[in-house]
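Everything on this sheet refers to the single structure shown next.
Values quoted throughout were computed directly from the atomic coordinates according to the rules given, and no laboratory measurement underlies them. Just so it is clear, the model here is predicted, and its values are computed rather than measured. Cβ: placed from backbone, ideal geometry, glycine included. Neighbour counts: every protein chain shown.
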Amino acid sequence: MTNNTWSTDRYDTVADAIAKLYVKALKDMPPDVRDALTKAEQRETVKMGRTVLSTIQQNIAVADQQNLLICQDTGTPVYFIEVGERSGVNPVQLERAIRHGTVQATVTHPLRSSVVSPITRINNQNNTGYRVPVIHWEFVPDRDDVQVVIVPKGSGSENMTYFRMLLPADGVQGIKRFVLDSVVGSGGNPCPPVIVGVGIGGSSDLCMLLAKKAIIRPCGQPNPSPEVAGLENELLEAINASGLGPMGLGGLTTALAVHVEYAATHISQNPVAVNIQCWAARRGRLTVKNDGDITIGF
Amino acid sequence: MTEHCVTTPLTDDVIMTFRAGDTVTITGHIFGLRDATLIRMFDQKAPIPADLSGSVCLHTAPGIKMVGNHYVKVSIGTTTSTRMNRFTMGLMEQGVKAIAGKGGLLEDSTQILAERHAVYLGLVGGTAASETMQIESIEEVWWPDLLPECLWKFRVRNFGPLIVGIDAYGTNLYLQNKSRAVERARTFCF
Ligand code: SF4
């Protein structure tokens with residue numbers, strides 16, 4: 001069994017890779033999202049919906065051809081990190097590398113800095129601030145790699161975030177109602193067609209985190225539990241039956257997918273959280289193998 | 001659905017030909033502003049440094065780079081307009097003829113636009129790559145301390161298509177469509 005501790009050099013290499021990853025995520029739509037948008041356009045019958053979806057397709061093509069950002073909102077940089085048990089990484093140094101990479105991308109590309117202090121509204125002009133980038137850690141047994149997923153989380157969709165402590169007596173029925181009302185009530189604000197992230201159970205903080213984690217799953221990939229996958233389908237059907245449509249202007253596709261993540265909860269609780277991801281569902285994945293090999297993907 | 005190609009500044013006569021659901025393409029100039037810009041204008045009552053009469057004001061905060069002391073576009077798109085709903089009257093008093101953004105405006109703004117013969121033009125949110133190509137240059141920038149929420153003046157060619165989301169006759173496509181969708185959702189049986 002290897003247990004190579006990361007060398008100092010490797011953190012520098014990872015910082016550079018994070019800078020590349022951030023910019024790439026803002027320019028290159030994940031293939032699963034491209035597919036979902038194409039399918040939505042093909043099945044759209046409402047004229048306004050078709051106009052909106054073809055404008056989106058054209059925009060993705062322009063971004064590809066001209067090497068431009070898909071959307072101007074560089075988002076809040078949110079990172080999900082999976083640390084393999086035998087990866088040999090030092091989390092403090094990795095966190096530092098991620099912060100450096102975020103600043104480097106912002107300053108050298110340059111990118112719009114979208115991050116400010118909530119108290120003074122001062123913008124450091126480097127997309128970082130107190131406790132930002134947002135970094136979530138997960139520790140995975142029996143693996144020797146590290147994976148870093150970046151989600152530059154756009155604010156139009158992030159502002160459409162909902163949480164409620166439902167009652168156990170409200171059941172799954174209450175959860176469905178809450179999700180449907182939240183998504184449809186958001187209208188065109190989160191730039192539909194959206195990916196709906198739903199967190200169920202846990203404590204309030206975990207529930208919200210699960211909703212965010214749900215949106216980083218490849219678009220339309222079902223939850224491994226058949227029961228939960230069934231719930232995802234039911235919610236997707238209900239949301240799309242509303243006819244809210246692309247940009248809230250009417251059409252068949254309001255959501256490209258609904259992703260549910262859940263956790264055990266307290267006997268007297270029934271928490272539900274909704275985090276919406278816009279059609280510009282940008283993400284990038286960095287994999288660092290134990291031997292130092294680095295790959296960039298989605 | 002009519003397609004309009006117009007040149008700025010916009011007059012009442014032109015505005016009154018726009019009907020909800022039409023599309024508009026703009027050549028000329030548009031101003032860029034958003035939360036912090038509008039707070040400075042109307043809450044802090046700073047003197048407005050540009051003549052906005054007949055103008056199109058786009059809710060935006062561009063990504064830019066400095067080349068010498070010139071502002072050069074990197075990525076220019078739009079942002080959610082409903083956040084800035086309470087500033088509609090202020091903009092109308094400056095003679096603004098079209099507010100552009102995404103997501104629409106609310107009921108009170110719909111009425112104000114009708115009274116003032118002005119419209120709301122909706123972009124497809126997130127389509128900054130296309131919009132950046134349609135913006136020829138950043139001509140002027142005021143309040144650089146607010147970066148990226150300065151007051152911007154862009155020269156544009158065939159900027160659009162923008163959807164007439166709220167016309168000057170009181171039709172608001174966003175609210176109409178949303179209330180239909182909310183009603184359908186309310187009666188949906190799981
Ligand atoms: S909600 Fe998403 S697509 Fe829309 S403007 Fe914001 S980041 Fe872009």
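Summary table
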{"read-out": "Filtered residue count, the range B:95-127, keeping only those that are more than 16 Å from the ligand (Cβ to nearest atom) and either touching a strand residue (DSSP E or B) at 6+ places or on another chain (Cβ under 8 Å) or under 25 Å from A:Trp279 (Cβ atoms) (or both)", "value": "13"}
{"read-out": "Count of the range A:160-184 residues which are away from the ligand (no atom under 16 Å from the Cβ), in a helix (DSSP H, G or I) and closer than 30 Å to B:Gly101 by Cβ", "value": "5"}
{"read-out": "Search result, residues across the range A:35-93 that are closer than 22 Å to A:Ile195 by Cβ, in a strand (DSSP E or B) and not polar (S, T, N, Q)", "value": "A:Pro77, A:Val78, A:Tyr79, A:Phe80, A:Ile81, A:Glu82"}
{"read-out": "Residue in the range A:265-298 that is farthest from the ligand (Cβ to nearest atom), counting only those that are small (Gly, Ala, Ser) and buried (at least 16 other Cβ atoms within 10 Å of the Cβ)", "value": "A:Ala273"}
{"read-out": "Single condition A:Ser7 does not satisfy, out of (1) surrounded by 18 or more Cβ atoms within 10 Å (Cβ to Cβ); (2) away from every other protein chain (no Cβ under 14 Å); (3) closer than 21 Å to A:Gln147 by Cα", "value": "(1)"}
{"read-out": "Residue within the range B:132-149 that is touching an Asp or Glu at 6+ places or on another chain (Cβ under 7 Å) and within 20 Å of B:Phe87 (Cα to Cα) present", "value": "yes"}
{"read-out": "Among residues of the range A:73-94, those that are away from the ligand (no atom under 16 Å from the Cβ) and touching a residue at least 60 places away in the same chain (Cβ under 8 Å), counted", "value": "13"}
{"read-out": "Filter result (within 14 Å of chain B (Cβ to nearest Cβ) and surrounded by 16 or more Cβ atoms within 10 Å (Cβ to Cβ)) within the range A:201-233", "value": "A:Leu231, A:Glu232"}
{"read-out": "Neighbours by Cβ (under 8 Å, 6+ apart or cross-chain): first from the range A:155-181, more than 9 Å from chain B (Cβ to nearest Cβ) and over 17 Å from A:Val258 (Cα atoms); second away from the ligand (no atom under 16 Å from the Cβ) and assigned to a helix (DSSP H, G or I)", "value": "A:Arg164/A:Phe178; A:Met165/A:Ser204; A:Leu166/A:Gly174; A:Leu166/A:Ile175; A:Leu166/A:Phe178; A:Leu167/A:Gly174"}
{"read-out": "Flag for A:Gly197 being over 21 Å from the mean Cα position of the chain (by Cα) and within 16 Å of A:Val228 (Cβ to Cβ)", "value": "no"}
{"read-out": "Subset of the range A:143-181 that is under 17 Å from B:Arg186 (Cβ atoms) and within 18 Å of the chain's Cα centre (by Cα) - its residue that is surrounded by the most Cβ atoms within 10 Å (Cβ to Cβ)", "value": "A:Val179"}
{"read-out": "Any hit, the range B:40-60, residues being surrounded by fewer than 17 Cβ atoms within 10 Å (Cβ to Cβ) and assigned to a strand (DSSP E or B)", "value": "no"}
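Here is a yes/no grid of residues against (1) over 24 Å from B:Gly90 (Cα atoms); (2) assigned to a helix (DSSP H, G or I):
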| site | (1), (2) |
| --- | --- |
| B:Asp108 | no, yes |
| B:Glu140 | no, no |
| B:Trp152 | no, no |
| B:Cys189 | yes, no |
